[in-house]
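In what follows, a structure is listed as C-alpha coordinates, so that the remarks can point back to it.
The values are calculated or read from the model by the stated rules, or taken from the named source; none is laboratory data. If you're wondering where the values come from, they're calculated on a predicted model, not measured in any experiment. With ideal geometry, Cβ positions are generated from the backbone for all residues, glycine too; neighbour counts draw on all protein chains shown.
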Amino acid sequence: MSVPIAAVPLEDAGLPALDLRSARFADDPRAVLAEALARGPLAISRRGVEVLSYEAISQAFVSEHLDTAGPEHYTELGAGPNLLGWVDSGLLSTMGRTRHDPIRRLLLMALNFRNIEAQRTFVNETARRMAAPWLDRGEVDLVGDFTEYYPINVLSAMIGFPAADIPGFARAAHELHLLAAVPMAPGFPRIEQALADLADYVRDLLDKRRAQPGDDFVSALLAAQQDQRKLSEDELVGQLVNLIFAGMGTTTKQLASAAADIVQAGRWEYLAANPGQIGRAIDESLRFSPVTQFVVRITQEDFEFQGIRIPRGTRMLLNLLAASRDPRKFPDPGTFDISRITDDSRLPFGWGVHRCLGQPLARLLMEEGLRVMLENLTDVALVERDRGPHPAQMLGGPNSLTLTFGRR
Ligand code: HEM
(Lines give C-alpha, C1' and ligand atoms only; values in the text may rest on other atoms or scores of the structure.)
Protein backbone atom coordinates (compact mmCIF):
# COMPACT_ATOMS: atom_id res chain seq x y z
CA MET A 1 0.00 0.00 0.00
CA SER A 2 1.37 3.45 -0.81
CA VAL A 3 2.00 5.78 2.12
CA PRO A 4 1.64 9.59 1.91
CA ILE A 5 5.07 11.28 1.71
CA ALA A 6 4.26 13.51 4.69
CA ALA A 7 4.22 10.58 7.10
CA VAL A 8 7.31 10.46 9.35
CA PRO A 9 9.12 7.08 9.50
CA LEU A 10 8.70 5.40 12.89
CA GLU A 11 12.43 5.53 13.69
CA ASP A 12 12.50 9.32 13.10
CA ALA A 13 9.27 10.12 14.90
CA GLY A 14 10.94 10.68 18.29
CA LEU A 15 8.14 8.94 20.17
CA PRO A 16 8.52 9.18 23.95
CA ALA A 17 9.85 6.02 25.63
CA LEU A 18 7.72 4.22 28.17
CA ASP A 19 9.90 2.36 30.70
CA LEU A 20 7.75 -0.57 31.80
CA ARG A 21 10.52 -1.95 34.02
CA SER A 22 10.87 1.19 36.12
CA ALA A 23 9.98 1.12 39.80
CA ARG A 24 7.71 4.09 39.17
CA PHE A 25 5.65 2.21 36.56
CA ALA A 26 5.30 -0.75 38.94
CA ASP A 27 4.21 1.60 41.72
CA ASP A 28 1.91 3.99 39.84
CA PRO A 29 1.32 2.89 36.24
CA ARG A 30 -1.56 5.30 35.71
CA ALA A 31 0.56 8.35 36.54
CA VAL A 32 3.27 7.19 34.12
CA LEU A 33 0.72 6.53 31.38
CA ALA A 34 -1.02 9.88 31.98
CA GLU A 35 2.31 11.69 31.55
CA ALA A 36 3.03 9.79 28.34
CA LEU A 37 -0.47 10.50 27.02
CA ALA A 38 -0.03 14.21 27.76
CA ARG A 39 2.97 14.14 25.36
CA GLY A 40 1.01 12.48 22.54
CA PRO A 41 -1.17 9.54 21.47
CA LEU A 42 1.75 7.13 20.84
CA ALA A 43 4.84 6.00 22.76
CA ILE A 44 7.50 3.28 22.42
CA SER A 45 8.13 0.50 24.93
CA ARG A 46 9.91 -2.86 24.88
CA ARG A 47 6.51 -4.38 23.96
CA GLY A 48 6.22 -2.29 20.76
CA VAL A 49 4.32 0.88 19.78
CA GLU A 50 1.97 1.85 22.60
CA VAL A 51 -1.32 3.43 21.47
CA LEU A 52 -2.47 5.56 24.39
CA SER A 53 -5.32 7.88 23.45
CA TYR A 54 -8.98 6.94 23.19
CA GLU A 55 -9.23 8.45 19.72
CA ALA A 56 -6.17 6.57 18.37
CA ILE A 57 -7.32 3.26 19.88
CA SER A 58 -10.81 3.65 18.38
CA GLN A 59 -9.12 4.13 15.00
CA ALA A 60 -6.77 1.14 15.52
CA PHE A 61 -9.59 -1.25 16.47
CA VAL A 62 -11.22 -0.85 13.05
CA SER A 63 -8.09 -0.40 10.92
CA GLU A 64 -7.82 -2.86 8.03
CA HIS A 65 -4.01 -2.61 8.33
CA LEU A 66 -3.95 -4.19 11.79
CA ASP A 67 -4.78 -7.74 12.84
CA THR A 68 -4.38 -9.83 15.96
CA ALA A 69 -1.16 -11.85 16.36
CA GLY A 70 -1.72 -15.01 14.28
CA PRO A 71 -0.12 -18.49 14.28
CA GLU A 72 3.09 -17.16 12.59
CA HIS A 73 3.70 -14.97 15.61
CA TYR A 74 3.53 -17.97 17.96
CA THR A 75 5.73 -20.03 15.63
CA GLU A 76 8.37 -17.28 15.80
CA LEU A 77 8.18 -17.34 19.60
CA GLY A 78 8.87 -21.11 19.60
CA ALA A 79 5.45 -22.34 20.78
CA GLY A 80 4.86 -26.12 21.00
CA PRO A 81 2.45 -28.21 18.85
CA ASN A 82 -0.57 -28.03 21.16
CA LEU A 83 -0.44 -24.25 21.33
CA LEU A 84 0.18 -23.90 17.60
CA GLY A 85 -2.80 -26.14 16.87
CA TRP A 86 -5.00 -24.16 19.24
CA VAL A 87 -4.07 -20.70 17.95
CA ASP A 88 -4.73 -22.01 14.44
CA SER A 89 -8.09 -23.69 14.98
CA GLY A 90 -9.34 -22.94 18.49
CA LEU A 91 -8.41 -19.54 19.83
CA LEU A 92 -10.82 -17.15 18.15
CA SER A 93 -8.71 -14.07 18.69
CA THR A 94 -5.72 -15.52 16.77
CA MET A 95 -7.49 -17.25 13.89
CA GLY A 96 -7.46 -15.99 10.31
CA ARG A 97 -10.67 -14.23 9.27
CA THR A 98 -11.93 -16.91 6.88
CA ARG A 99 -12.25 -19.38 9.75
CA HIS A 100 -12.87 -16.85 12.50
CA ASP A 101 -15.99 -15.22 11.08
CA PRO A 102 -18.22 -18.30 10.54
CA ILE A 103 -17.14 -19.83 13.88
CA ARG A 104 -17.85 -16.56 15.68
CA ARG A 105 -21.33 -16.45 14.09
CA LEU A 106 -22.00 -20.00 15.28
CA LEU A 107 -20.96 -19.21 18.86
CA LEU A 108 -23.04 -16.03 18.82
CA MET A 109 -26.13 -18.15 18.26
CA ALA A 110 -25.72 -19.21 21.89
CA LEU A 111 -24.03 -16.17 23.42
CA ASN A 112 -26.19 -13.38 21.96
CA PHE A 113 -27.86 -10.89 24.28
CA ARG A 114 -31.36 -12.42 24.09
CA ASN A 115 -30.22 -15.94 25.00
CA ILE A 116 -28.01 -14.66 27.78
CA GLU A 117 -30.73 -12.40 29.23
CA ALA A 118 -32.99 -15.46 29.47
CA GLN A 119 -30.49 -16.90 31.99
CA ARG A 120 -30.84 -14.00 34.48
CA THR A 121 -32.83 -15.93 37.11
CA PHE A 122 -30.47 -18.90 36.93
CA VAL A 123 -27.44 -16.59 37.22
CA ASN A 124 -28.95 -14.76 40.21
CA GLU A 125 -29.74 -18.08 41.94
CA THR A 126 -26.20 -19.32 41.33
CA ALA A 127 -24.76 -16.11 42.80
CA ARG A 128 -26.98 -16.49 45.89
CA ARG A 129 -25.99 -20.13 46.33
CA MET A 130 -22.29 -19.42 45.99
CA ALA A 131 -22.39 -16.40 48.33
CA ALA A 132 -24.45 -18.18 51.03
CA PRO A 133 -21.45 -19.81 52.82
CA TRP A 134 -19.82 -16.46 53.68
CA LEU A 135 -22.69 -13.95 53.97
CA ASP A 136 -22.86 -14.31 57.78
CA ARG A 137 -19.12 -14.45 58.33
CA GLY A 138 -18.44 -10.70 58.62
CA GLU A 139 -15.31 -10.96 56.47
CA VAL A 140 -14.56 -12.39 53.04
CA ASP A 141 -11.80 -12.66 50.47
CA LEU A 142 -14.13 -11.79 47.63
CA VAL A 143 -11.85 -13.33 44.97
CA GLY A 144 -10.89 -16.56 46.77
CA ASP A 145 -14.36 -17.15 48.26
CA PHE A 146 -16.64 -15.96 45.48
CA THR A 147 -15.58 -14.47 42.17
CA GLU A 148 -13.20 -17.32 41.32
CA TYR A 149 -16.07 -19.82 41.53
CA TYR A 150 -19.34 -18.13 40.70
CA PRO A 151 -18.68 -17.09 37.03
CA ILE A 152 -17.12 -20.43 36.13
CA ASN A 153 -20.04 -22.30 37.68
CA VAL A 154 -22.49 -20.34 35.53
CA LEU A 155 -20.40 -20.68 32.38
CA SER A 156 -19.92 -24.41 32.91
CA ALA A 157 -23.62 -25.03 33.44
CA MET A 158 -24.45 -23.13 30.26
CA ILE A 159 -21.84 -24.94 28.22
CA GLY A 160 -22.70 -28.32 29.72
CA PHE A 161 -19.67 -29.15 31.88
CA PRO A 162 -20.72 -30.94 35.11
CA ALA A 163 -20.04 -28.83 38.23
CA ALA A 164 -18.05 -31.69 39.78
CA ASP A 165 -15.51 -31.41 36.93
CA ILE A 166 -14.78 -27.71 37.53
CA PRO A 167 -11.82 -28.02 39.95
CA GLY A 168 -10.07 -30.34 37.47
CA PHE A 169 -10.35 -28.24 34.33
CA ALA A 170 -10.19 -24.86 36.12
CA ARG A 171 -6.62 -25.61 37.24
CA ALA A 172 -5.59 -26.27 33.63
CA ALA A 173 -7.52 -23.27 32.31
CA HIS A 174 -5.77 -21.00 34.84
CA GLU A 175 -2.46 -22.11 33.37
CA LEU A 176 -3.55 -20.70 30.01
CA HIS A 177 -3.35 -17.21 31.44
CA LEU A 178 0.40 -17.63 31.00
CA LEU A 179 -0.45 -16.64 27.42
CA ALA A 180 -0.98 -13.09 28.68
CA ALA A 181 2.47 -12.96 30.30
CA VAL A 182 5.21 -10.76 28.88
CA PRO A 183 7.48 -12.53 27.91
CA MET A 184 5.34 -15.55 27.05
CA ALA A 185 7.97 -18.18 26.08
CA PRO A 186 8.96 -19.32 29.63
CA GLY A 187 5.37 -20.48 30.13
CA PHE A 188 5.23 -22.68 27.00
CA PRO A 189 5.87 -26.09 28.69
CA ARG A 190 3.04 -25.49 31.19
CA ILE A 191 0.74 -24.20 28.42
CA GLU A 192 1.39 -27.38 26.37
CA GLN A 193 0.42 -29.60 29.30
CA ALA A 194 -2.65 -27.53 30.16
CA LEU A 195 -3.92 -27.65 26.56
CA ALA A 196 -3.40 -31.44 26.41
CA ASP A 197 -5.36 -31.90 29.66
CA LEU A 198 -8.19 -29.62 28.55
CA ALA A 199 -8.47 -31.24 25.11
CA ASP A 200 -8.65 -34.73 26.72
CA TYR A 201 -11.38 -33.55 29.05
CA VAL A 202 -13.43 -31.87 26.31
CA ARG A 203 -13.11 -34.84 23.91
CA ASP A 204 -14.36 -37.17 26.61
CA LEU A 205 -17.33 -34.89 27.32
CA LEU A 206 -18.17 -34.63 23.61
CA ASP A 207 -18.32 -38.44 23.43
CA LYS A 208 -20.68 -38.53 26.41
CA ARG A 209 -22.96 -35.84 24.94
CA ARG A 210 -23.03 -37.57 21.57
CA ALA A 211 -24.28 -40.67 23.34
CA GLN A 212 -26.66 -38.74 25.61
CA PRO A 213 -27.49 -35.15 24.55
CA GLY A 214 -28.57 -32.60 27.20
CA ASP A 215 -30.11 -29.13 27.26
CA ASP A 216 -26.80 -27.31 26.93
CA PHE A 217 -24.47 -25.53 24.53
CA VAL A 218 -22.29 -28.60 23.83
CA SER A 219 -25.34 -30.63 22.78
CA ALA A 220 -26.66 -27.72 20.66
CA LEU A 221 -23.28 -27.39 18.94
CA LEU A 222 -23.20 -31.11 18.23
CA ALA A 223 -26.71 -30.97 16.78
CA ALA A 224 -25.71 -28.02 14.56
CA GLN A 225 -22.72 -30.10 13.46
CA GLN A 226 -24.88 -32.95 12.31
CA ASP A 227 -27.11 -30.60 10.32
CA GLN A 228 -24.43 -28.45 8.78
CA ARG A 229 -20.96 -29.92 9.53
CA LYS A 230 -19.57 -26.53 10.39
CA LEU A 231 -16.62 -27.35 12.62
CA SER A 232 -13.91 -29.99 12.47
CA GLU A 233 -13.43 -32.04 15.65
CA ASP A 234 -10.31 -30.00 16.51
CA GLU A 235 -12.23 -26.75 16.01
CA LEU A 236 -15.04 -27.99 18.21
CA VAL A 237 -12.66 -28.94 21.01
CA GLY A 238 -10.69 -25.72 20.51
CA GLN A 239 -13.81 -23.54 20.82
CA LEU A 240 -14.91 -25.10 24.07
CA VAL A 241 -11.42 -24.66 25.52
CA ASN A 242 -11.50 -21.09 24.21
CA LEU A 243 -14.75 -20.29 26.03
CA ILE A 244 -13.49 -21.63 29.37
CA PHE A 245 -10.23 -19.72 28.97
CA ALA A 246 -11.75 -16.41 27.87
CA GLY A 247 -14.54 -16.47 30.43
CA MET A 248 -12.63 -17.35 33.58
CA GLY A 249 -10.06 -14.87 34.85
CA THR A 250 -11.57 -11.76 33.30
CA THR A 251 -14.95 -11.78 35.01
CA THR A 252 -13.39 -12.99 38.27
CA LYS A 253 -11.13 -9.94 38.47
CA GLN A 254 -13.57 -7.40 37.03
CA LEU A 255 -16.36 -8.25 39.45
CA ALA A 256 -14.01 -8.03 42.44
CA SER A 257 -12.64 -4.71 41.13
CA ALA A 258 -16.16 -3.32 40.73
CA ALA A 259 -17.06 -4.17 44.34
CA ALA A 260 -13.82 -2.56 45.58
CA ASP A 261 -14.32 0.58 43.45
CA ILE A 262 -17.85 1.04 44.79
CA VAL A 263 -16.72 0.67 48.41
CA GLN A 264 -13.74 2.96 47.94
CA ALA A 265 -15.88 5.63 46.29
CA GLY A 266 -18.35 5.47 49.22
CA ARG A 267 -21.24 4.46 46.92
CA TRP A 268 -22.27 1.11 48.47
CA GLU A 269 -25.39 2.26 50.31
CA TYR A 270 -26.43 4.53 47.44
CA LEU A 271 -26.35 1.58 45.04
CA ALA A 272 -28.10 -0.73 47.51
CA ALA A 273 -30.93 1.82 47.60
CA ASN A 274 -30.80 2.38 43.81
CA PRO A 275 -30.23 -1.04 42.20
CA GLY A 276 -31.32 0.42 38.88
CA GLN A 277 -27.86 2.06 38.79
CA ILE A 278 -25.90 -1.22 39.06
CA GLY A 279 -25.30 -1.33 35.30
CA ARG A 280 -23.90 2.22 35.39
CA ALA A 281 -21.60 1.32 38.28
CA ILE A 282 -20.28 -1.65 36.32
CA ASP A 283 -19.63 0.52 33.26
CA GLU A 284 -17.74 2.98 35.41
CA SER A 285 -15.66 0.22 37.02
CA LEU A 286 -14.84 -1.21 33.58
CA ARG A 287 -13.48 2.24 32.76
CA PHE A 288 -11.87 3.01 36.11
CA SER A 289 -10.25 -0.43 36.71
CA PRO A 290 -10.17 -2.31 33.39
CA VAL A 291 -8.79 -5.84 33.87
CA THR A 292 -7.79 -6.22 30.22
CA GLN A 293 -4.97 -3.70 30.30
CA PHE A 294 -3.99 -3.92 26.64
CA VAL A 295 -4.65 -5.91 23.47
CA VAL A 296 -2.08 -6.65 20.78
CA ARG A 297 -2.24 -5.98 17.07
CA ILE A 298 0.35 -6.60 14.33
CA THR A 299 0.60 -4.33 11.29
CA GLN A 300 -0.20 -6.29 8.14
CA GLU A 301 1.53 -3.81 5.80
CA ASP A 302 3.28 -0.43 5.98
CA PHE A 303 0.69 2.20 6.82
CA GLU A 304 0.30 5.71 8.15
CA PHE A 305 -1.06 6.06 11.65
CA GLN A 306 -1.33 9.35 13.55
CA GLY A 307 1.05 10.95 11.02
CA ILE A 308 3.72 8.25 11.41
CA ARG A 309 4.75 5.57 8.93
CA ILE A 310 4.53 2.24 10.77
CA PRO A 311 6.30 -0.68 9.05
CA ARG A 312 4.70 -4.06 8.39
CA GLY A 313 5.16 -6.55 11.24
CA THR A 314 5.22 -3.91 14.00
CA ARG A 315 3.67 -4.95 17.31
CA MET A 316 1.13 -2.37 18.47
CA LEU A 317 -0.25 -2.36 21.98
CA LEU A 318 -3.70 -0.82 22.30
CA ASN A 319 -3.24 0.40 25.85
CA LEU A 320 -6.72 0.25 27.38
CA LEU A 321 -5.39 1.23 30.81
CA ALA A 322 -4.10 4.54 29.43
CA ALA A 323 -7.08 5.31 27.18
CA SER A 324 -9.68 4.64 29.86
CA ARG A 325 -8.22 7.62 31.75
CA ASP A 326 -7.88 9.86 28.66
CA PRO A 327 -9.09 13.29 29.90
CA ARG A 328 -10.19 14.29 26.39
CA LYS A 329 -12.79 11.51 26.45
CA PHE A 330 -13.44 11.21 30.20
CA PRO A 331 -13.33 14.53 32.10
CA ASP A 332 -11.82 14.20 35.61
CA PRO A 333 -10.76 10.61 34.75
CA GLY A 334 -9.35 9.76 38.19
CA THR A 335 -12.77 10.08 39.84
CA PHE A 336 -15.07 7.04 40.07
CA ASP A 337 -18.38 8.64 39.11
CA ILE A 338 -21.47 6.45 38.67
CA SER A 339 -23.38 9.30 37.04
CA ARG A 340 -20.80 9.47 34.26
CA ILE A 341 -22.25 8.22 30.97
CA THR A 342 -19.81 5.66 29.62
CA ASP A 343 -22.18 3.96 27.24
CA ASP A 344 -19.25 3.06 25.03
CA SER A 345 -17.80 -0.39 25.57
CA ARG A 346 -15.04 -0.28 22.96
CA LEU A 347 -12.30 -0.06 25.57
CA PRO A 348 -13.04 -2.77 28.16
CA PHE A 349 -14.46 -5.33 25.70
CA GLY A 350 -12.56 -4.37 22.56
CA TRP A 351 -14.10 -3.34 19.26
CA GLY A 352 -14.22 -4.45 15.64
CA VAL A 353 -14.21 -8.07 14.46
CA HIS A 354 -12.64 -9.43 17.66
CA ARG A 355 -14.80 -7.56 20.17
CA CYS A 356 -15.65 -9.65 23.19
CA LEU A 357 -18.09 -12.42 22.43
CA GLY A 358 -18.85 -12.88 26.12
CA GLN A 359 -19.79 -9.27 26.83
CA PRO A 360 -23.53 -9.90 27.51
CA LEU A 361 -22.66 -12.83 29.79
CA ALA A 362 -19.89 -10.93 31.59
CA ARG A 363 -22.24 -8.01 32.26
CA LEU A 364 -25.00 -10.32 33.48
CA LEU A 365 -22.60 -12.13 35.82
CA MET A 366 -21.35 -8.86 37.26
CA GLU A 367 -24.83 -7.34 37.63
CA GLU A 368 -26.27 -10.32 39.48
CA GLY A 369 -23.11 -10.88 41.55
CA LEU A 370 -23.21 -7.26 42.72
CA ARG A 371 -26.97 -7.35 43.28
CA VAL A 372 -26.62 -10.28 45.67
CA MET A 373 -23.82 -8.51 47.57
CA LEU A 374 -25.69 -5.19 47.76
CA GLU A 375 -28.89 -6.85 48.97
CA ASN A 376 -27.13 -8.73 51.74
CA LEU A 377 -24.14 -6.71 52.95
CA THR A 378 -24.00 -3.40 54.79
CA ASP A 379 -21.27 -1.38 56.59
CA VAL A 380 -18.87 -2.73 54.00
CA ALA A 381 -15.21 -1.78 54.48
CA LEU A 382 -12.23 -2.54 52.30
CA VAL A 383 -9.46 -4.12 54.37
CA GLU A 384 -7.05 -5.03 51.60
CA ARG A 385 -7.06 -4.83 47.81
CA ASP A 386 -4.20 -6.88 46.42
CA ARG A 387 -2.49 -5.02 43.58
CA GLY A 388 -2.53 -8.04 41.30
CA PRO A 389 0.07 -8.87 38.66
CA HIS A 390 2.73 -6.42 37.48
CA PRO A 391 0.93 -3.63 35.55
CA ALA A 392 2.79 -4.50 32.34
CA GLN A 393 0.85 -7.82 32.17
CA MET A 394 -2.19 -8.08 29.93
CA LEU A 395 -4.64 -9.19 32.62
CA GLY A 396 -4.72 -7.06 35.76
CA GLY A 397 -7.07 -6.97 38.75
CA PRO A 398 -6.72 -8.17 42.35
CA ASN A 399 -5.74 -11.74 43.26
CA SER A 400 -7.43 -11.24 46.62
CA LEU A 401 -9.76 -8.65 48.09
CA THR A 402 -10.65 -8.60 51.78
CA LEU A 403 -13.90 -6.94 52.85
CA THR A 404 -15.52 -6.74 56.28
CA PHE A 405 -19.27 -6.20 56.56
CA GLY A 406 -22.48 -6.63 58.51
CA ARG A 407 -25.55 -8.56 57.34
CA ARG A 408 -28.39 -6.41 56.07
C1 HEM B 1 -15.41 -8.64 32.41
C2 HEM B 1 -15.13 -9.69 31.68
C3 HEM B 1 -14.49 -9.66 30.32
C4 HEM B 1 -13.67 -8.72 29.76
C5 HEM B 1 -13.16 -7.42 30.38
C6 HEM B 1 -13.35 -9.19 28.42
C7 HEM B 1 -12.53 -8.50 27.52
C8 HEM B 1 -12.30 -8.90 26.21
C9 HEM B 1 -11.56 -8.11 25.23
C10 HEM B 1 -10.91 -6.76 25.48
C11 HEM B 1 -11.57 -8.82 24.07
C12 HEM B 1 -10.96 -8.38 22.73
C13 HEM B 1 -9.56 -8.90 22.54
C14 HEM B 1 -8.90 -8.33 21.29
O15 HEM B 1 -9.46 -7.47 20.62
O16 HEM B 1 -7.77 -8.77 20.99
C17 HEM B 1 -12.30 -10.06 24.30
C18 HEM B 1 -12.50 -11.05 23.37
C19 HEM B 1 -13.16 -12.24 23.62
N20 HEM B 1 -13.86 -12.57 24.77
FE21 HEM B 1 -14.01 -11.45 26.44
N22 HEM B 1 -13.97 -10.40 28.20
C23 HEM B 1 -14.70 -10.72 29.33
C24 HEM B 1 -15.50 -11.85 29.53
C25 HEM B 1 -15.69 -12.86 28.62
C26 HEM B 1 -16.52 -14.03 28.82
C27 HEM B 1 -17.37 -14.31 30.06
C28 HEM B 1 -16.38 -14.81 27.70
C29 HEM B 1 -16.99 -16.17 27.36
C30 HEM B 1 -18.17 -16.52 27.49
C31 HEM B 1 -15.51 -14.10 26.78
C32 HEM B 1 -15.16 -14.53 25.52
C33 HEM B 1 -14.39 -13.83 24.61
C34 HEM B 1 -14.04 -14.35 23.30
C35 HEM B 1 -14.42 -15.72 22.73
C36 HEM B 1 -13.26 -13.35 22.68
C37 HEM B 1 -12.63 -13.40 21.28
C38 HEM B 1 -13.59 -12.85 20.26
C39 HEM B 1 -13.05 -12.85 18.84
O40 HEM B 1 -11.84 -12.86 18.65
O41 HEM B 1 -13.88 -12.84 17.92
N42 HEM B 1 -15.10 -12.92 27.36
N43 HEM B 1 -12.75 -10.07 25.62
Unmet criterion (only one of (1) among the acidic types (Asp, Glu); (2) surrounded by fewer than 22 Cβ atoms within 10 Å (Cβ to Cβ); (3) under 30 Å from ASN376 (Cβ atoms); (4) at pLDDT 90 or above) for ASP216: (4)
Of all the residues that make up segment 302-335, how many are aromatic (Phe, Trp, Tyr) and on the phi > 0 side of the Ramachandran plot? 0
Could you tell me how many of the residues in segment 353-391 are of a type in the set (Gly, Ala, Ser) and more than 7 Å from the ligand (Cβ to nearest atom)? 3
When you scan segment 58-71, do you find a residue that is in a helix (DSSP H, G or I), surrounded by fewer than 18 Cβ atoms within 10 Å (Cβ to Cβ), within 12 Å of the ligand (Cβ to nearest atom) and not β-branched (Val, Ile, Thr), even just one? no
Only one residue in ILE310, ILE338 is touching a Ser or Thr at 6+ places or on another chain (Cβ under 7 Å) and either buried (at least 18 other Cβ atoms within 10 Å of the Cβ) or among the acidic types (Asp, Glu) (or both), so which one is that? ILE310
Can you tell me which residue in segment 238-277 is nearest to PHE405 (Cα to Cα), limited to those that are within 13 Å of the ligand (Cβ to nearest atom) and of a type in the set (Ser, Thr, Tyr)? SER257
Taking the condition surrounded by fewer than 23 Cβ atoms within 10 Å (Cβ to Cβ), among the polar types (S, T, N, Q) and touching a helix residue (DSSP H, G or I) at 6+ places or on another chain (Cβ under 8 Å), does GLN277 pass? yes
Which residues, counting only those in segment 91-111, are hydrophobic (A, V, I, L, M, F, W, C) and either within 10 Å of the ligand (Cβ to nearest atom) or surrounded by 13 or more Cβ atoms within 10 Å (Cβ to Cβ) (or both)? LEU91, LEU92, MET95, ILE103, LEU106, LEU107, LEU108, ALA110, LEU111
Condition first: free of Cβ contacts under 8 Å to residues at least 60 places away in the same chain, assigned to a helix (DSSP H, G or I) and closer than 30 Å to ALA322 by Cβ. Can you find one or more residues in segment 91-99 that meet it? yes
Out of curiosity, is ARG287 basic (Lys, Arg), crowded, with 18+ Cβ neighbours inside 10 Å and either within 16 Å of the ligand (Cβ to nearest atom) or modelled with pLDDT of 95 or more (or both)? yes
Scope segment 243-292; condition more than 19 Å from GLY388 (Cβ to Cβ) and polar (S, T, N, Q); matching residues: ASN274, GLN277
For the list (1) within 14 Å of the ligand (Cβ to nearest atom); (2) under 20 Å from ILE116 (Cα atoms); (3) buried (at least 17 other Cβ atoms within 10 Å of the Cβ), I need the number of the one condition that LEU320 fails. (2)
